[in-house]
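Colleague: First the structure, then my questions, so here it is.
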Amino acid sequence: MRVFCLKMAVFLLGFICVVKLVGSFDHRDRNDHNVLRIHSANQYDNLDILFVGNSFVNTGVNPEVFERNALKTFSLGVDSAGVDFYDALTDNYFRNTQIPPKRVLFLVSAMTFSHFADNFGSARIHRFFSPPVSNEELTLNYDVPYFLLIRKSFAKGLQGFWANSKKAGLPKRLRETRGFRPGDLTFNPILFAETKETYLPLNKNLFPKGDVAALLRLAEKTQERGAQVMFFELPTFKSRSFFSDAYLREYAAALTRLEQAGFPVIHNKLDLGPESFRNMDHLNTSGAELASRSLVATLSQISP
Amino acid sequence: MLFNSIEFPFFLTFCFVLYWSVARFHQRIQNGFLLLASYVFYGWWDFRFLGLIVLSSLVDYAIGLGLDRAKGLGSRRTLLVISLVTNLGILGFFKYFNFFLGSFAALMQQLGLPSHTSSLAVILPVGVSFYTFQSMSYTIDVYRGKLHPCHDAVGFLAFVAFFPQLVAGPIERATHLLPQFKSKRFFDPIKAEDGLRQILWGLFKKVVVADSCAVCADFAFASHDTLGGPILVFGAICFAFQIYCDFSGYSHIAIGTARLFGFDLMENFSYPYFSRDIGEFWRRWHISLSTWFRDYVYLPLGGNRRSKPRTAMNIIATFTLSGFWHGASWTFVWWGLLNSLFYLPLIFGTPSPRPRRTVAAGRHLPNLDEVKKMGFTFGLICLAWIFFRSDSLTSAFSYIGVIFSDRLFQLDAETLLFLNARGAATKSGFLIAVLLCWEWFQREKPHGLSVGHLPRAARWGLYYLFAFTVFSHFGEEKPFIYFQF
């Protein structure tokens, strides 16, 4: 029995060591637009506005439109971001820049609070921060299943061995667009039919009330760091129809709660058609132009 | 609790340590501990249904004791009938009630008669088909005088609820497993090590091969109306490997886990896709269920002792019942029926020696005749799997219809692109090829990781290779297919 247990312990120890060793290579492959965006953002400080959000932001907020209005901005939108991602992204940005942005605008949408949001296992942004945040630290800070993280790090670490030979093709382009991801596709019904299945479970989502409190805490923390905080919505096309009425009611109440706490919320007033979207919900370049212009107009009415 | 869940390794380690440290002193303590662990394991899913296992076990335990005391044939028969009615009643209500009700309503509608039926929201308790059959085998064997009744209630309850094989088999015979509960178990490191190897092999089959093949199979069966023939053929092959690796993977984990606790469970799969005819396939596939139906249905019906037409009838009845055991749907009945039809040529055809030994025994490669036979048998099996996997008979016939139409050679470039964009088709094909090669060279061993004879460095290298492959595939817990039965 003792020999058996000893063999098992040796095997497990070897297993854990290899998993940790291989996992440490998990942030070598940086050829991903989310990762490149995080790294690009760190090169821009003293911004007028830092936009933080999910992929709606990197496809819907075009810094070039703001530049035309003498506003220096960056579109820090990372796929599937929710409140925890916002917290981690903002923290990483502030730690890596000298002069804080004047304003930080956090995206709010029904999707921000959905089960799709904050999937650290799928979008392992913490491993690409400067310095990288370990899986252990992340698990302690946020409610993330540790096993999922180390499994993913191991799988990515195996790919990481070959990462050096890969050429990152996106950074220059992303630097030019300041995080914005242009796209000229337009929505079509076939695309809707093909992707509908993915969105169906949204109907069963319950609104996570704890996330609103966390968002308020983040807003206060960001304000303490010297930036004015606002929340904003972007035009969406189809995703709202997948949520239950109860969820959307709770979402509306959450926006009211943010406003009551003293943080301005810029509601979406645009009603854009399919020609402005590249897919189910993401704006295309022309849609982003309209949405960004609308934001510029609204922001100009809000005194700093 | 699923074998492929995060909780299971912790549960298993905890039970293993306690079992061999605290509970090792007496067989009764070992049985009591296993009973408690088994109920926790089952209750993890839904503790309310524990009552059913307890009911089924206690009824059969009491009937076993009653059979021991009863002298007359009449009273013994009555006791056996009570056991069968209880077990089949549980099974019938939870598994087949809505099916019978629905079929009755459909029949009434066909006949133009009014039917006012409404289905009940009945939850199917996990493993009910397995533990009721296991429990029934006990009373039938005691009735037949093949087994002495068990006087140790805890031991008997632990036998019925033994957690490694509780929810999806192997369906153990009382004659094989119950005596193991009657004696104290001693730790055997060789057995335990082989158990761990078998668990690893089972996890590899389930988490890596079955779950990967599932992507292509699900895609093919969900969109068969619009896909071309080659994709549907590939989808059916993927499903054949999905169900094989899913179910045999479960069995390997169950057998391996039982070995850690000092038990030997019966072999449930023996490289079935290397079979040279349908008869051999059924001697190698889900052996515990096949032999259950052979011993308790086919042989009592007369087996092959009477005329050929009668034998054929017995085969058809047994296979149809076996199909129905799998699920309350006509697709499963057709699957069983189809398998029995495939069997008929063996009864009416020219008698040929039954392939008893493993294919190409003592040789590295099969000869052309063996390859042809294995290919043909696999083709028939895949055809039957289409019924097993389809949602309805209409879908199954439509799926087969496309395969046997002029769309057989229609390769849909868009579909191929879709599949390959996810890497699913290439990955499934690669894994199937690796599995087939690996199993071919291991086909005379009890399981794919029977590598105890290799040098230590090679063995440990293989363990790590398989462990890392499984680990990198762990993610979403996909339930085992046979849980639904």
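The values are calculated or read from the model by the stated rules, or taken from the named source; none is laboratory data. Everything numeric here is computed off the predicted structure, so don't read it as measured data. Cβ sites come from the backbone with ideal geometry, for glycine too, and all protein chains shown count toward neighbours. For accessibility, only protein heavy atoms count, side chains too; no ligands or nucleic acids. Shrake-Rupley method; radii C 1.70, N 1.55, O 1.52, S 1.80 Å.
Colleague: Give me the pairs: first residue in the stretch A:5-24 and within 11 Å of another protein chain (Cβ to nearest Cβ) and open to solvent by less than 60 Å² (accessible area, probe 1.4 Å), second residue outside any helix (DSSP H, G or I) and not charged (D, E, K, R), beta-carbon distance under 9 Å, and six or more apart or on different chains, which are they?
Modeller: Every condition considered, the pairs that remain are A:22/A:161.
Colleague: Then there is this: So, in the stretch A:21-74, exactly how many residues are touching a Leu at 6+ places or on another chain (Cβ under 9 Å) and among the basic types (Lys, Arg)?
Modeller: 3
Colleague: Residue check, residue B:212 against (1) surrounded by 21 or more Cβ atoms within 10 Å (Cβ to Cβ); (2) within 30 Å of residue B:65 (Cα to Cα), all met but one. Which one?
Modeller: (2)
Colleague: Is it the case, given these coordinates, that residue A:87 is in contact (Cβ under 8 Å) with a residue 40 or more places away in the chain, away from chain B (no Cβ under 14 Å) and either under 28 Å from residue A:258 (Cα atoms) or open to solvent by 10 Å² or more (accessible area, probe 1.4 Å) (or both)?
Modeller: Details: in contact (Cβ under 8 Å) with a residue 40 or more places away in the chain: yes; away from chain B (no Cβ under 14 Å): yes; either under 28 Å from residue A:258 (Cα atoms) or open to solvent by 10 Å² or more (accessible area, probe 1.4 Å) (or both): yes.
Yes, satisfied.
Colleague: Are any residues in the stretch A:115-146 outside any loop (DSSP other than H, G, I, E, B) and within 14 Å of chain B (Cβ to nearest Cβ), and if so, which ones?
Modeller: Kept after step one, since they are outside any loop (DSSP other than H, G, I, E, B), are these residues of the stretch A:115-146: A:125-128, A:135-141, A:146.
The answer is A:139, A:146.
Colleague: For the stretch A:50-76, enumerate the residues that are among the small types (Gly, Ala, Ser) and over 19 Å from residue A:216 (Cα atoms).
Modeller: Going through the stretch A:50-76, the residues among the small types (Gly, Ala, Ser) turn out to be A:53, A:55, A:60, A:70, A:75.
Passing the criteria: A:55, A:60, A:70, A:75.
Colleague: Within the stretch A:149-159, which residues are facing chain B (nearest Cβ under 7 Å) and at pLDDT 85 or above?
Modeller: A:151, A:154
Colleague: Moving on to the next point. Let me confirm something: among B:33, B:49, B:16, B:41, which residue is out of contact with any Asp or Glu (no Cβ under 9 Å at 6 or more places or on another chain) and either within 14 Å of chain A (Cβ to nearest Cβ) or open to solvent by 70 Å² or more (accessible area, probe 1.4 Å) (or both)? Before you say what the answer is, go through the steps one by one.
Modeller: Values: B:33 fails: either within 14 Å of chain A (Cβ to nearest Cβ) or open to solvent by 70 Å² or more (accessible area, probe 1.4 Å) (or both); B:49 fails: either within 14 Å of chain A (Cβ to nearest Cβ) or open to solvent by 70 Å² or more (accessible area, probe 1.4 Å) (or both); B:41 fails: either within 14 Å of chain A (Cβ to nearest Cβ) or open to solvent by 70 Å² or more (accessible area, probe 1.4 Å) (or both).
Being out of contact with any Asp or Glu (no Cβ under 9 Å at 6 or more places or on another chain) and either within 14 Å of chain A (Cβ to nearest Cβ) or open to solvent by 70 Å² or more (accessible area, probe 1.4 Å) (or both) holds for just one of B:33, B:49, B:16, B:41, which is B:16.
Colleague: Of all residues in the stretch A:57-81, which are crowded, with 24+ Cβ neighbours inside 10 Å and not aromatic (Phe, Trp, Tyr)? Break it down into steps so the answer makes sense when it comes.
Modeller: Narrowing the stretch A:57-81 to residues crowded, with 24+ Cβ neighbours inside 10 Å: A:57-62, A:66, A:73-78, A:81.
Listed by number, the residues that qualify are A:57, A:58, A:59, A:60, A:61, A:62, A:73, A:75, A:76, A:77, A:78, A:81.
Colleague: To continue, here is another question. Scan the stretch B:193-200 and tell me whether some residue there is in contact (Cβ under 8 Å) with a residue 24 or more places away in the chain, buried (at least 23 other Cβ atoms within 10 Å of the Cβ), in a helix (DSSP H, G or I) and away from chain A (no Cβ under 14 Å).
Modeller: yes
Colleague: Taking the condition of being assigned to a helix (DSSP H, G or I), more than 23 Å from residue B:167 (Cβ to Cβ) and of a type in the set (Ser, Thr, Tyr), how many residues in the stretch B:293-345 meet it?
Modeller: Going through the stretch B:293-345 one residue at a time, the tally reaches 6.
Colleague: To continue, here is another question. Scan the stretch B:306-346 residue by residue and report those that are closer than 17 Å to residue B:397 by Cα, at pLDDT below 90 and of a type in the set (Ser, Thr, Tyr).
Modeller: The one that is closer than 17 Å to residue B:397 by Cα, at pLDDT below 90 and of a type in the set (Ser, Thr, Tyr): B:329.
Colleague: In addition: Which helices (runs of 4 or more DSSP H) does the stretch B:1-92 wholly contain that include 2 or more residues that are closer than 15 Å to residue B:135 by Cα and out of contact with any helix residue (DSSP H, G or I) (no Cβ under 8 Å at 6 or more places or on another chain)? First the steps, then the outcome.
Modeller: Details: elements: B:7-21, B:27-46, B:50-69, B:73-91.
Of the helices (runs of 4 or more DSSP H) lying wholly inside the stretch B:1-92, those with at least 2 residues that are closer than 15 Å to residue B:135 by Cα and out of contact with any helix residue (DSSP H, G or I) (no Cβ under 8 Å at 6 or more places or on another chain) span B:50-69, B:73-91.
Colleague: Still on this model: Mind checking whether some residue in the stretch A:92-100 is outside any helix (DSSP H, G or I) and surrounded by 23 or more Cβ atoms within 10 Å (Cβ to Cβ)? So that I can check it myself, show each step before the final result.
Modeller: Let us first name the residues in the stretch A:92-100 that are outside any helix (DSSP H, G or I), namely A:97-100.
Of the ones still in play, those that are also surrounded by 23 or more Cβ atoms within 10 Å (Cβ to Cβ) are none.
Checked against the condition, which is being outside any helix (DSSP H, G or I) and surrounded by 23 or more Cβ atoms within 10 Å (Cβ to Cβ), the stretch A:92-100 yields no hits at all.
Colleague: Please find, within the stretch A:279-304, the residue that is surrounded by the fewest Cβ atoms within 10 Å (Cβ to Cβ) out of those that are at pLDDT below 90 and outside any helix (DSSP H, G or I).
Modeller: So the residue we want is A:303.
Colleague: May I ask you to verify whether residue B:481 is away from chain A (no Cβ under 14 Å), open to solvent by less than 80 Å² (accessible area, probe 1.4 Å) and modelled with pLDDT of 90 or more?
Modeller: Working: away from chain A (no Cβ under 14 Å): yes; open to solvent by less than 80 Å² (accessible area, probe 1.4 Å): yes; modelled with pLDDT of 90 or more: no.
Against the criterion (away from chain A (no Cβ under 14 Å), open to solvent by less than 80 Å² (accessible area, probe 1.4 Å) and modelled with pLDDT of 90 or more), residue B:481 does not qualify.
Colleague: Going by what's in this entry, would residue B:284 be described as within 18 Å of the chain's Cα centre (by Cα), open to solvent by less than 30 Å² (accessible area, probe 1.4 Å) and among the charged types (D, E, K, R)?
Modeller: Values: within 18 Å of the chain's Cα centre (by Cα): yes; open to solvent by less than 30 Å² (accessible area, probe 1.4 Å): yes; among the charged types (D, E, K, R): yes.
For residue B:284, the condition - within 18 Å of the chain's Cα centre (by Cα), open to solvent by less than 30 Å² (accessible area, probe 1.4 Å) and among the charged types (D, E, K, R) - is met.
Colleague: Residue A:243 fails exactly one of the following numbered conditions: (1) free of Cβ contacts under 8 Å to residues at least 60 places away in the same chain; (2) at negative phi. What is the number of that condition?
Modeller: (1)
Colleague: So, in the stretch A:201-220, exactly how many residues are touching a residue at least 60 places away in the same chain (Cβ under 8 Å) and out of contact with any helix residue (DSSP H, G or I) (no Cβ under 6 Å at 6 or more places or on another chain)?
Modeller: 2
Colleague: Another question about this same structure. In the stretch B:7-29, is there at least one residue being over 25 Å from residue B:185 (Cα atoms) and under 24 Å from the mean Cα position of the chain (by Cα)? Before you say what the answer is, go through the steps one by one.
Modeller: So the first thing to find is which residues in the stretch B:7-29 are over 25 Å from residue B:185 (Cα atoms), and the list is B:7.
If we keep only those that are under 24 Å from the mean Cα position of the chain (by Cα) as well, we get B:7.
Yes, some residue in the stretch B:7-29 is over 25 Å from residue B:185 (Cα atoms) and under 24 Å from the mean Cα position of the chain (by Cα).
Colleague: Which one of these does residue A:45 not meet: (1) loosely packed, with under 12 Cβ neighbours inside 10 Å; (2) more than 11 Å from chain B (Cβ to nearest Cβ)?
Modeller: Unmet condition: (1).
Colleague: If you take the residues of the stretch B:447-477 that are open to solvent by 40 Å² or more (accessible area, probe 1.4 Å) and farther than 17 Å from residue B:199 by Cα, which of them is farthest from the other protein chains (Cβ to nearest Cβ)?
Modeller: B:453
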